[in-house]
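The values are calculated or read from the model by the stated rules, or taken from the named source; none is laboratory data. Keep in mind that this is a model prediction, so the values were computed, not measured. All Cβ positions, glycine included, derive from the backbone under ideal geometry; neighbour counts span all protein chains shown.
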Ligand code: ADP
């Protein structure tokens with residue numbers, strides 16, 4: 001934790017956050033599916049200034065033969081930050097962080113994808129962060145889940161994700177980059193509200209046990225709201241197709 005310059009006030013006198021949000025308020029969210037013509041499924045998801053495009057290809061013949069499984073489709077995920085997505089230009093080459101996050105994101109999606117229906121194939125998910133302002137892994141998971149559904153891949157549930165943080169001693173929902181940089185803790189969570197499973201849980205920084213429980217509840221509350229929006233987004237596309 002820590003950022004450039006002097007630490008800003010994260011909780012103002014009136015109890016609001018540095019950007020005016022209440023402690024349990026999500027950023028402004030936009031979601032759209034079917035945004036790319038060259039993928040089997042795609043989605044765009046925006047949480048404030050964090051913006052991610054996800055593209056899904058497959059189930060298809062794997063490009064790498066050795067990754068094939070006779071029992072199921074192999075889910076492959078690539079999380080990438082565009083060089084223009086960050087404050088300082090980021091190298092376009094995949095960093096250790098991006099490789100690690102790609103794996104963590106894959107594991108957060110695997111429990112819902114019915115890979116057993118498509119043996120000997122691969123399902124490839126590309127997530128491109130085009131603008132990064134905190135919460136890029138959770139926004140990527142939310143976008144990937146929508147893109148998988150948009151590709152018509154059978155899933156047991158959708159995965160939705162958000163990070164909670166502790167800033168100036170207060171637990172807050174959906175932290176942005178300033179809160180991530182200067183806060184005391186950052187806890188990204190992904191869950192499947194209908195299946196009632198948690199598929200990603202990470203904690204950077206320090207929380208007491210009670211704060212951890214309270215933070216998890218706050219994240220799950222946010223996830224329910226995000227999940228509702230995901231369903232609305234998919235439904236509105238379906239309704240448009242029907243017309
Ligand atoms: P997440 O984006 O999932 O919160 P981190 O906690 O690692 O992941 O990063 C927090 C924020 O810091 C990112 O959303 C982004 O705005 C910024 N950031 C992360 N990595 C870089 C990088 N390599 N260069 C510049 N900014 C970065």
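If you go through segment 79-104 and keep only what is part of a helix (DSSP H, G or I) and touching a residue at least 60 places away in the same chain (Cβ under 8 Å), you end up with just 104. Looking at 168, 124, 150, 196, just one residue is at pLDDT 95 or above, surrounded by fewer than 18 Cβ atoms within 10 Å (Cβ to Cβ) and over 29 Å from residue 10 (Cα atoms), and that residue is 196. Can you confirm whether segment 69-87 contains a residue that is under 30 Å from residue 168 (Cβ atoms), exposed (fewer than 11 other Cβ atoms within 10 Å of the Cβ) and within 16 Å of the ligand (Cβ to nearest atom)? Yes: segment 69-87 contains one or more residues that are under 30 Å from residue 168 (Cβ atoms), exposed (fewer than 11 other Cβ atoms within 10 Å of the Cβ) and within 16 Å of the ligand (Cβ to nearest atom). Here 134, 222, 183, 205 are screened, and the one residue that is within 18 Å of the chain's Cα centre (by Cα), within 14 Å of the ligand (Cβ to nearest atom) and either under 28 Å from residue 80 (Cβ atoms) or surrounded by fewer than 17 Cβ atoms within 10 Å (Cβ to Cβ) (or both) is 134. Being more than 26 Å from residue 232 (Cβ to Cβ), in a helix (DSSP H, G or I), more than 16 Å from the ligand (Cβ to nearest atom) and in contact (Cβ under 8 Å) with a residue 40 or more places away in the chain is the requirement here; does residue 116 meet it? So residue 116 passes the test. Within segment 95-106, being surrounded by 14 or more Cβ atoms within 10 Å (Cβ to Cβ) and over 12 Å from the mean Cα position of the chain (by Cα) holds for one residue alone: 98. Of the candidates 163, 190, the single residue that is under 19 Å from residue 22 (Cβ atoms), within 15 Å of the ligand (Cβ to nearest atom) and under 16 Å from the mean Cα position of the chain (by Cα) is 163.
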